[in-house]
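Student: Got a structure here, written out as structure tokens. Questions coming.
The values are calculated or read from the model by the stated rules, or taken from the named source; none is laboratory data. A quick note: this is a predicted structure, and the numbers were derived from the prediction, not measured. Positions of Cβ are backbone-derived with ideal geometry, glycine not excepted, and every protein chain shown enters the neighbour counts.
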Amino acid sequence: MGAVNDLEPYWMPFTANRQFKASPRMLVGADGMYYRTADGREILDGTAGLWSVNAGHNRPQIAEAIGRQAAALDYAPSFQMGHPLAFEAAGRLTALAPEGMDHAFFVNSGSEACDTALKIALAFHHANGEPQRRVLIGRERGYHGVGFGGISVGGITNNRRKFALLPHVDHLPHTHDPARNAWSRGQPEHGAEFADALEDLVALHGADTIAAVIVEPMAGSTGVLVPPKGYLERLRALCDRHGLLLIFDEVITGFGRLGSMFAADHFGVTPDIMTLAKGLTNSTVPMGAVLVRGEIYDSFMTGPEQAIELFHGYTYSGHPVACAAALATLDIHRDEDLAGRAAGLAGDWEAAVHALRGTRHVIDLRTIGLVAGIELEPRTGAPGARAYETFVRCFEAGLLVRVTGDIVALSPPLIVERGQIDRMIQTLRDVLTAVD
Ligand SMILES: Cc1ncc(COP(=O)(O)O)c(C=O)c1O
């Protein structure tokens with residue numbers, strides 16, 4: 001690796017640049033469950049990249065599909081032109097989606113998916129003669145990417161304080177309730193009533209001014225908050241009562257993470273709009289999607305046929321290479337039933353993670369599907385420092401974990417083996433025992 005100065009020009013995202021450049025962690029290769037570092041070490045991937053390489057790394061099937069497509073049709077404009085793979089990808093994706101979610105709009109990231117979903121919600125009400133429905137409701141601790149829309153409805157304070165610009169936004173309370181729900185396995189027992197705060201927001205703003213409610217069915221980036229039993233059902237019922245669209249941001253939960261293809265299937269609650277990204281292409285090529293119910297799509301398909309129904313889209317919407325990657329990824333999901341595999345492993349995963357109870361610094365553990373949140377007691381006067389040190393030491397010990405504040409999140413590729421789960425947990429135990 002070159003001198004530290006060589007690292008200077010790259011302004012890294014969501015990274016402590018100076019700290020990283022002083023002591024870089026460079027990945028140069030990957031295969032299956034492992035990354036390989038510049039100094040030749042193997043790192044067990046406890047996070048599926050960024051919750052996204054669900055089928056494991058460097059799947060030849062996907063790489064070949066990408067190569068073939070790049071050589072056959074490198075790019076096709078997506079405005080007023082089409083190419084077959086985008087239609088095929090939309091068909092395959094909607095066939096997998098919950099009943100009724102039968103149209104797909106393609107984007108290039110989770111952030112774009114969220115902003116697109118919010119715009120579709122506003123435009124839907126406009127098309128239905130209710131243009132005054134402009135208020136967008138998010139949730140505290142929610143993460144919906146880094147576009148101005150997603151940040152405004154999001155509830156991660158560091159994102160919001162500097163960048164939240166949208167007016168007409170409000171937030172539900174988050175559902176984290178460790179006093180009642182600590183050490184939860186699957187959905188926590190208490191807290192369905194957190195959804196009732198939507199009634200207060202309806203009373204405050206007036207139901208006829210609210211366009212949509214957007215939540216992650218399981219909040220990931222904030223440190224794994226699993227919805228309490230009955231919570232999503234109540235949100236659904238309240239949205240129905242007041243004519244609000246319910247948007248599930250499934251950028252993390254999509255493609256098998258919870259042991260079902262989508263969280264909507266897992267929890268048995270179907271939204272009106274769903275955002276996807278990450279696992280859609282196994283993260284090989286940037287791509288996201290917004291799925292909508294048929295009635296939403298149909299409500300746009302009125303007026304003169306030559307009129308563009310939704311004034312929205314990206315140069316790379318439905319990029320041919322991304323579509324090829326998505327189709328190959330969906331083939332792998334079908335052939336290997338990765339969601340079923342995750343469901344089959346979830347019990348062992350839960351037992352292994354909860355065996356960390358009693359380990360130094362651990363004040364809560366929560367698990368669902370192949371996800372774990374491991375909450376550490378913060379160091380006095382230095383929030384996040386203990387978890388960051390845990391992350392660095394795990395990396396040195398050959399394990400990639402992810403940290404948010406003082407919460408360690410694990411979300412391995414769905415191809416993980418039992419022995420690898422044990423290794424992850426043992427490494428964490430050793431590191432937590434050693435960390436101050
Ligand atoms: C729930 C959720 N929505 C949106 C995003 C943003 O996705 P991207 O980073 O691809 O823009 C993320 C990323 O972690 C996410 O977890």
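Student: Can you tell me which residues in region 122-145 are assigned to a loop (DSSP other than H, G, I, E, B) and either within 22 Å of L204 (Cβ to Cβ) or away from the ligand (no atom under 16 Å from the Cβ) (or both)?
Tutor: If the condition is that a residue be assigned to a loop (DSSP other than H, G, I, E, B) and either within 22 Å of L204 (Cβ to Cβ) or away from the ligand (no atom under 16 Å from the Cβ) (or both), then N128, G129, E130, P131, Q132, R133, R134, E140, R141, G142, H144 are the ones that fit.
Student: Of all residues in region 90-119 being buried (at least 24 other Cβ atoms within 10 Å of the Cβ) and in a helix (DSSP H, G or I), which is nearest to the ligand (Cβ to nearest atom)?
Tutor: G110
Student: How many residues are outside any loop (DSSP other than H, G, I, E, B) and near the ligand (Cβ under 9 Å from one of its atoms) if we restrict to region 215-260?
Tutor: Of the residues in that region, 2 qualify.
Yes or no, residue by residue, for (1) touching a helix residue (DSSP H, G or I) at 6+ places or on another chain (Cβ under 8 Å); (2) surrounded by 20 or more Cβ atoms within 10 Å (Cβ to Cβ); (3) aromatic (F, W, Y):
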| site | (1), (2), (3) |
| --- | --- |
| L136 | yes, yes, no |
| G155 | no, yes, no |
| D170 | yes, no, no |
| L204 | no, no, no |
| V215 | yes, yes, no |
| K229 | yes, no, no |
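Student: Quick check on region 49-65. Is at least one of its residues surrounded by 14 or more Cβ atoms within 10 Å (Cβ to Cβ), in a loop (DSSP other than H, G, I, E, B) and basic (K, R)?
Tutor: Yes, that holds for at least one residue.
Student: Only one of these is of a type in the set (G, A, S) and either over 23 Å from the mean Cα position of the chain (by Cα) or buried (at least 23 other Cβ atoms within 10 Å of the Cβ) (or both): A346, A322. Name it.
Tutor: So the residue among A346, A322 that is of a type in the set (G, A, S) and either over 23 Å from the mean Cα position of the chain (by Cα) or buried (at least 23 other Cβ atoms within 10 Å of the Cβ) (or both) is A322.
Student: Which residue out of A113, A104 is assigned by TED's automatic domain parsing to the domain that holds D298, in contact with a Ser or Thr (Cβ under 6 Å, 6 or more places away or on another chain), within 30 Å of I407 (Cβ to Cβ) and in contact (Cβ under 8 Å) with a residue 40 or more places away in the chain?
Tutor: A113
Student: Evaluate the following for D406: is it in the same structural domain as G40 (by TED's automatic domain parsing), in contact with a His (Cβ under 9 Å, 6 or more places away or on another chain) and closer than 30 Å to T284 by Cα?
Tutor: Criteria met by D406.
Student: Same structure, new question: Any residue in region 172-186 that's closer than 14 Å to V224 by Cβ: show its pairings with residues that are assigned to a strand (DSSP E or B) and β-branched (V, I, T) at Cβ separation under 6 Å, as long as the two are six or more apart or on different chains.
Tutor: R185/T367; G186/I368
Student: Within region 192-231, track down each residue that is farther than 15 Å from A121 by Cβ and in contact with a Leu (Cβ under 8 Å, 6 or more places away or on another chain).
Tutor: The answer is F194, A195, D196, A197, L198, E199, L201, V202, P217, M218, A219.
Student: Sticking with this one: Which residue pairs have Cβ atoms closer than 7 Å, lie 6 or more positions apart in sequence or on different chains, and pair a first residue in region 216-233 that is in contact (Cβ under 8 Å) with a residue 60 or more places away in the chain and of a type in the set (S, T, Y) with a second residue that is near the ligand (Cβ under 9 Å from one of its atoms) and part of a strand (DSSP E or B)?
Tutor: So the pair list comes out empty.
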